[in-house]
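The values are calculated or read from the model by the stated rules, or taken from the named source; none is laboratory data. Owing to the predicted nature of the structure, the values given are computational and were not obtained by experimental measurement. Here Cβ is always computed from backbone atoms with ideal geometry, including for glycine, and neighbour counts include all displayed protein chains. Heads up: the accessible areas ignore ligands, DNA and RNA and are worked out on the full protein's heavy atoms, side chains in. Shrake-Rupley method; radii C 1.70, N 1.55, O 1.52, S 1.80 Å.
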Amino acid sequence: MHDKGGCCGATPPNTNERPCSDPVCGMKVAPNPERKIVHAGTDYYFCGTKCMTKFSADPGLYLDKAGAQVPSSSHAQTDTIFTCPMHPEIKQRGPGNCAICGMALEPLMPVAEEDTSELDSMTLRFKASVALSLPLLIISMSDLIPGLNLHHVLGADNFNWLQMGLATPVVLWGGWPLLQRAWASFKSRNLNMFSLIGLGVSAAYLFSLVALLFPRILPAAFTMDGMPPLYFEAAAVIITLVLLGQVLELRARARTNSAVKSLLALAPNTAIRVRPDGNDEELSLDAVHTGDILRVKPGANIPVDGVVTEGTSNVDESMITGEPVPVKKHSGSKATAGTVNQTGAFLMRAERVGAETLLAQIVQMVNQASRSRAPIQKLADKVSSWFVPAVIACALLAFIIWATIGPPPAMAHALVVAVSVLIIACPCALGLATPISIMVGIGRGAREGILIKDAEALELMEKVDTLVIDKTGTLTEGKPRVQYVVVAAGFDQEDVLVHAAAMEKMSEHPLAQAIVDYAQEQGMKLLGVEQFDSITGKGVRGKINGRLVALGNRHLMQDMQIDVSLSQPEAQHMQELGQTVVYLSIGTQLAGLISVADPVKATTPEAIAHLKESGLHIVMLTGDNKITAAAVAKQLGIDDVRAEVLPADKFRHVQELQKQGRIVAMAGDGINDAPALMQANVGIAMGTGTDVAMNSARIVLVKGDLRGIAKAYTLSRHTMRNIRQNLFFAFVYNFIGVPIAAGVFYPWLGILLNPMLASAAMSLSSVSVIANALRLRRAEL
């Protein structure tokens, strides 16, 4: 058996063999000949057709590289792909440090049970360092405390050796990971934050060690009253403060993917399958196959995507759609993995399992988007590329100036200044400013049922000034429904509905199906029709119980010589509302009218009002007729309406708006919307629409609720403001901190920054950027 990238080798002799791993998504799957690809003499098994298609297109991507995975808690740590939040191009199997910036890597796909080994290690080193650095700090500053001058009590030699004894474990053990990263940065020539820390701490510690062991070899410029100063406490406290910053940063970074982790935790580990003999069996979720009948008990999370086959219940879908109201489920209703069954038990047929479930696709989509690069990141990347060399140059220049013209001991002051400059500068905060906000923002969108496919879409959404919206299925429900039933004298509503539904059950037209569905919802039994005849462009006619029945438009009634004059006021009013009116005659009399329309979604008026308040210009683009389009637009307060538009024309309309200098977002749900969605600056698809539309768009609204557009627009503004704040924090820290550390203000103010304070400021810069980004989790949308 050949195992590479989580694949299985030759087909096992029986199905009781251990499950294999899908090389694309990482899920455990049972060997299935229908989902097998042979590559380079090895059999690979897959959870579904999508993973098979991806693998067959480029097997090397999943066998030789780190592809995105949907890991489970059972995956070995060494099989998990890790990446850097600042440099997503860095990927490796198992944990480690980024080869570019030195930061601790994190799983490419967040897992419900997070590995905390890096945090635990840093926390242990920090606690030990505090235990040694605190007494060291007290000892070194004891001459400032009345009655506690340990320098005189212990004697100079004992005092100095005690400092070295306390500082050495902190620097060499507590700071070992930091020094390792610094060394790796110089070896790879990728200078970073740890390069500066390593230089600064090493300079302070090694100078102090030489001064302690060989004081006579140092020039007079390094000494004060004949004795060189020691900086053991500075080296130890700097390491301790940097470790504190690492601990705070790791804890904060663990929270940035909380939205994805909470989604991962929704999927249960097991499912209850109903065997052909009617008995239940509990099995691992990996063993569930398409077509299996599963039992979902009250309070349980739904295991896979499928259709309810028996029973009724209310299901909480808020974690997927953001909609707090439970949804009623009955036979034929769709059930989504990860949602919570509340009141009743039901049976469902599994339709999508493994990586094909909506939950798995959301997790993968959100994760890939959070790793993408926003255009604004280019600024930070440019600055970071020259930042560390510039800081080292500043430190060297400051050292030379202080050593040349500084007050005595000149060299000692020069060393303090150089170390302070190296320590206070933090490129980490600058590098984290954009990706950390993008990660939190996209995760926040996922919690609201807004799937943002890439960081550029999130950035562009803030700049959108024009929103083009398709009518059918976007503003409206996309499914015609009966609106009014008007009954003529001598008939009742049941007569009208029973006869109309009997005639329409013979037709394939969507309006006909709406009438049939409405009659069945009322519990009416459909009658048989004889001598059925369809009249193109007018309607249908036939005989029911021996009486001639006709159903159609006004022209059909005229042909049948049926007087419809008394019904015209009602018919005209319905047509003004954008509804289609159908006339029903029984015998030689008009029996009634039925109006059918595609109703506006209940949430659409609120969404449109909010978007208009935000200053967006809204354009309704539809292939529907002008009367219906105008009626819907009037109802929603949309002034710019373009009706009877062909799919190709939608594409051209978006292009025209862009030529006018507008930044266009397009919202749609159908195959005919796909070209326009691709052309728009930001394409927004309804999650209730077609796969083609969703694949063409950069933002998907899972619930198909237009209020999601308003939320996405607000989220984009919050996120971009947050990124600008982070960049401001990062630049200001260095703009103010580096000159102070270099001693620029010393001649006028007498200010010379202690390296320990520089270290505290450096740590705070990274922590402040992450803490600011985490505020997005609570932003009001």
Checklist outcome for this item: Within the stretch 624-654, of all residues that are open to solvent by less than 50 Å² (accessible area, probe 1.4 Å) and of a type outside the set (A, V, I, L, M), the one modelled with the lowest pLDDT is ASP624
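Any residue at all in the stretch 76-90 that is modelled with pLDDT under 70 and of a type in the set (S, T, N, Q)?
yes
Would you confirm whether or not the stretch 333-341 contains a residue that is assigned to a loop (DSSP other than H, G, I, E, B), surrounded by fewer than 23 Cβ atoms within 10 Å (Cβ to Cβ) and at pLDDT 80 or above? Before the answer, list the steps.
Our first condition is that a residue be assigned to a loop (DSSP other than H, G, I, E, B); within the stretch 333-341, this holds for 333, 336-339.
Those left that are additionally surrounded by fewer than 23 Cβ atoms within 10 Å (Cβ to Cβ): 333, 336.
So of that shortlist, the ones also at pLDDT 80 or above come out as 333, 336.
Checked the stretch 333-341: at least one residue is assigned to a loop (DSSP other than H, G, I, E, B), surrounded by fewer than 23 Cβ atoms within 10 Å (Cβ to Cβ) and at pLDDT 80 or above.
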Checklist entry - If only one of SER768, SER763 is open to solvent by 30 Å² or more (accessible area, probe 1.4 Å) and touching a helix residue (DSSP H, G or I) at 6+ places or on another chain (Cβ under 6 Å), which one is it? => result SER768
Item to check | Residue in the stretch 91-102 that is modelled with the highest pLDDT, counting only those that are in contact with a helix residue (DSSP H, G or I) (Cβ under 7 Å, 6 or more places away or on another chain) and within 23 Å of LEU248 (Cβ to Cβ) | outcome: ASN97
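If I filter the stretch 460-471 for residues that are part of a helix (DSSP H, G or I) and within 20 Å of the chain's Cα centre (by Cα), do I get at least one hit? Give the steps one after another, and end with the answer.
At the first step, the residues of the stretch 460-471 found to be part of a helix (DSSP H, G or I) are 460-461, 471.
From what's left, within 20 Å of the chain's Cα centre (by Cα): 460-461.
Yes, the stretch 460-471 contains at least one residue that is part of a helix (DSSP H, G or I) and within 20 Å of the chain's Cα centre (by Cα).
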Checklist entry - Is it the case that the stretch 537-558 has a residue that's of a type outside the set (Asp, Glu), under 17 Å from ILE627 (Cβ atoms) and over 51 Å from the mean Cα position of the chain (by Cα)? => result yes
Next on the checklist: Among the residues in the stretch 742-752, are any buried (at least 21 other Cβ atoms within 10 Å of the Cβ) and not in a loop (DSSP other than H, G, I, E, B)?
Outcome noted: no
Item to check | Evaluation of SER585 against (1) assigned to a helix (DSSP H, G or I); (2) closer than 26 Å to GLY546 by Cα; (3) among the small types (Gly, Ala, Ser) (one fails), failing number | outcome: (1)
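State all residues of the stretch 262-292 that are of a type in the set (A, V, I, L, M, F, W, C), in a strand (DSSP E or B) and under 32 Å from the mean Cα position of the chain (by Cα); if no residue qualifies, say none.
At the first step, the residues of the stretch 262-292 found to be of a type in the set (A, V, I, L, M, F, W, C) are 263-267, 271-272, 274, 283, 285, 287-288.
If we keep only those that are in a strand (DSSP E or B) as well, we get 271-272, 274, 283.
Selection gives ALA271, ILE272, LEU283.
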Checklist entry - Failed condition for LYS525, given (1) in a loop (DSSP other than H, G, I, E, B); (2) crowded, with 17+ Cβ neighbours inside 10 Å; (3) not hydroxyl-bearing (Ser, Thr, Tyr), with all others met? => result (2)
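Among ALA761, ALA730, which is the only one that is more than 15 Å from VAL419 (Cα to Cα), part of a helix (DSSP H, G or I) and modelled with pLDDT under 80?
On the way: ALA761 fails: more than 15 Å from VAL419 (Cα to Cα).
Sole residue among the options that is more than 15 Å from VAL419 (Cα to Cα), part of a helix (DSSP H, G or I) and modelled with pLDDT under 80: ALA730.
Answer yes or no as to whether ILE392 is open to solvent by 10 Å² or more (accessible area, probe 1.4 Å) and either over 42 Å from the mean Cα position of the chain (by Cα) or touching a residue at least 24 places away in the same chain (Cβ under 8 Å) (or both). Step through it out loud before you land on a result.
Working: open to solvent by 10 Å² or more (accessible area, probe 1.4 Å): yes; either over 42 Å from the mean Cα position of the chain (by Cα) or touching a residue at least 24 places away in the same chain (Cβ under 8 Å) (or both): yes.
For ILE392, the condition - open to solvent by 10 Å² or more (accessible area, probe 1.4 Å) and either over 42 Å from the mean Cα position of the chain (by Cα) or touching a residue at least 24 places away in the same chain (Cβ under 8 Å) (or both) - is met.
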